[in-house]
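Structure first, then comments.
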Amino acid sequence: MNSEAKKLGNSINDLKALARYLGILYYDELPDPILPQKIIKGDFTRITGSWAKSYLAIPIAESENEIVVATSEPDNINLIEQLQICFGKTIKIVAAPEEEVLKAINSIKTRLMNNRSSDLKSDEDEGDDEFNHELKIDVTDAEDDDAPIIRYVNAMIFKANSERASDIHIEPYENEVKVRFRIDGVLYDIASEDKMFQAGIASRIKIMAGLNIAEKRLPQDGRIGIKIAGKDVDIRVSTVPTSFGERIVLRILDQTSTVLDLEQIGITGKNLQTVQNLITKPNGIILVTGPTGSGKSTTLYSCLSYINKPELNILTVEDPVEYQLPGIGQMQVNSKIGFTFASGLRAILRQDPDVVMVGEIRDAETAEIAIQASLTGHLVLSTLHTNDSAGAVARLIDMGVEPFLVSSSLLAIMAQRLIRRLCPVCKEEYELTDEELKNLGISPQKIKSRRAFRAGTKPCEFCQNTRYKGRSGIHELLLIDEEIRSLITQRMDSTTIKRAAFKKGFKTLRMDGATKVLAGITSVQEVLLVTHENENL
């Protein structure tokens, strides 16, 4: 048992001993709090924010004369006195571990936030003067006297974050305003609000993002820095004018999210060993390609996390900075003041870096500086928008980079897509059909078992009946060896390059997806959805 586990075990044992000494009940697991509506809407709202977190206490039940309160600090006399004043009833204390109390607090907060939509319809908009302009507020610490629009927007952001949504879409139509969340890459309808609330919602979000609320004819971009349940969250806001009003998209970036390691993001087997070897090279360029939202940035962060050591000077230029990496210098581009990827990269090279990450190669200038950096002894990691790995070569040449520079600087190109993971609770086992094997490019003679899984059909609370939970990556890794370098110098097309790579074990995105199907990670339908049909090379 490690030291942390021992410490946790000791603290739980101490709490149990304290509960016995005080003659109160101890719960290893707390039941889901069931509270009367008058408490949820009344006094209870005053203790669901910072108070509950600071005292680590939560009411879990009520009778006519008594309130049952769970806490991890049952000997706190001040706590009992405050609760008696708040509720005017006898307080019965029960003991529970800190993590169980926090879980109960978040459970109640979620229910409160879900109820805020109805508050919007029952109260009138109190106007922009009531809006809270302060950044880094915690949306879970809403006050009763906040304007209904403030409570509604806070509730929407909190709900999106708690349901793992990456984006919030607010879409105006002729008679309604729809709210949709993107969860695991798929959009889900969440709410449909009356048209009369459209202007208030848009104004509130624009004020939070520092945008011009009077300008409704032009697109605008901004950001919101807030806290959600104590965690720093950065929200990118984009507005565009449409026929029925401004369409708003909020992209949620959790600044405290844990960067996953290479294996967790789906790089496995031979690809994993190869990538680990590549990112420890002293110089050269490694590109990750794919469409927007395919997880390219996460892959680069995982690579940097793997090689992050005190003896290396690692610098990045990004748009935006999605994760904070300790020990790494991260810069964010700002086109408004002329700070672009190209200018940021020039500045980085004067900082004596060992490893450089460029968020995206968008133009010839950035591409040429990145190539020069790799040729002068730096390892450069970057992304490019192309459909497959070999297509990145043609894209660089189309930008105006000379083929001999591309061939001499590139180490490897990895294309990737994100696939949804089947829900581990409700997925169903079955045997792959001949047609499914054919579509995946799998020969029946080359597999030992046709065992696979597909989306379940029974009701499932764990995945909220979406049938999927979380995402993983599928990859194709093109290594630039001497033969490939020669083909690039000769300006050969991507098909010719892929044909040469196939002779040396190159696997396409669909082939990697097929291994994920056979491993029970995802479904056939999901792989076919995000990949193109295998070419006959």
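The values are calculated or read from the model by the stated rules, or taken from the named source; none is laboratory data. Keep in mind it's a predicted model, so treat the numbers as computed, not measured. For neighbour counting, all protein chains shown are included, and Cβ atoms are generated from backbone atoms with ideal geometry for every residue, glycine included. Note: areas computed on protein heavy atoms with side chains; ligands, DNA, RNA excluded. Shrake-Rupley method; radii C 1.70, N 1.55, O 1.52, S 1.80 Å.
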Completion exercise
With label points set 7 Å from each Cα along the Cα-to-Cβ direction at Tyr173 and Asn334, the distance between them in nm comes to 4.1 nm
Exercise for the section: Using a 1.4 Å probe and counting only protein heavy atoms, arrange Ile474, Ile80 so the residue with the most accessible area comes first. Expected result: Ile80, Ile474
Completion exercise
The summed charge of the Val275 Cβ neighbourhood (under 15 Å; Lys/Arg +1, Asp/Glu -1) stands at 0
Problem - Greater than 28 Å apart at Cα, pairs in Lys103/Lys206; Lys216/Lys336; Lys231/Lys469; Lys103/Lys296; Lys16/Lys231; Lys159/Lys516 - result: Lys103/Lys206; Lys103/Lys296; Lys16/Lys231; Lys159/Lys516
Practice task
Please give the FRET efficiency for Asp481 paired with Asp232, using the beta carbon to beta carbon distance and R0 = 41 Å, rounded to the nearest 0.05.
Solution key: 0.40
Completion exercise
In this structure, the FRET efficiency calculated for Glu98 and Gln324 from their beta-carbon separation, with R0 = 25 Å, to the nearest 0.05, is 0.45
Exercise for the section: In whole Hz, with x marking every Gly and Pro, tabulate ³J(HN,Hα) for the range 305-315 from phi via Karplus 6.51 cos²θ - 1.76 cosθ + 1.60, θ = phi - 60°. Expected result: 4, 5, 9, 5, 9, x, 7, 9, 9, 10, 10
Fill in the blank from the handout: Expected field for Met511, accessible surface area in Å² at 1.4 Å probe radius, rounded to 10, holds 60 Å²
Exercise for the section: Pick out, in residue order, every one of the GluC sites (Glu not before Pro) in the range 168-209 that is DSSP loop and has at most 10 other C-beta atoms within 10 Å; say none if there are none. Expected result: Glu174
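For His169, His385, His475, what's the largest-to-smallest order of accessible area, 1.4 Å probe? Walk me through the intermediate numbers first.
Working: His169 25, His385 75, His475 5 Å².
The ordering from most to least exposed comes out as His385, His169, His475.
On alpha carbon coordinates alone, what is the Rg over Rh value for the range 197-266, Rh being the Kirkwood radius? Mind showing how you got there, number by number?
Values: Rg = 15.2 Å, Rh = 13.6 Å.
Value, to two decimals: 1.12.
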Exercise for the section: Would you mind listing how long the range 482-537 runs along its three principal axes, going by Cα atoms, in whole Å with the largest first? Expected result: 41, 18, 15
Completion exercise
Length gained if Glu461 through Glu163 is fully extended, taking 0.36 nm per residue and subtracting the Cα-Cα distance, is 106.0 nm
Fill in the blank from the handout: Accessible-area order for Asp221, Asp167, largest to smallest, probe 1.4 angstrom, reads Asp221, Asp167
Handout entry: Residue-normalised accessible area of the range 400-521, expressed per residue, 1.4 Å probe, Å²
Key = 51 Å²
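Among 297-309, 433-445, what's the highest-first ranking by average C-beta atoms within 10 angstrom per residue?
Working: 297-309: 19.6, 433-445: 13.7.
Answer by packing, highest mean first, reads 297-309, 433-445.
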Practice task
State, to one decimal in nm, how far the label point of Ile12 lies from the label point of Asp363, with both points 7 Å from Cα in the Cβ direction.
Solution key: 5.8 nm
Problem - Glu435-Thr90 pseudo-label distance in nm [points 7 Å out on the Cα-to-Cβ vector] - result: 6.9 nm
Fill in the blank from the handout: Expressed in angstrom, Rg and Dmax over the Cα atoms of the range 200-319 are 19.1, 56
Exercise for the section: Please name which of Thr489, Gly400, Ile521 has its Cα lying farthest along the dipole of the range 389-537 towards the positive end, using unit charges on Cβ (Lys, Arg +1; Asp, Glu -1) and the Cα centre as origin. Expected result: Ile521
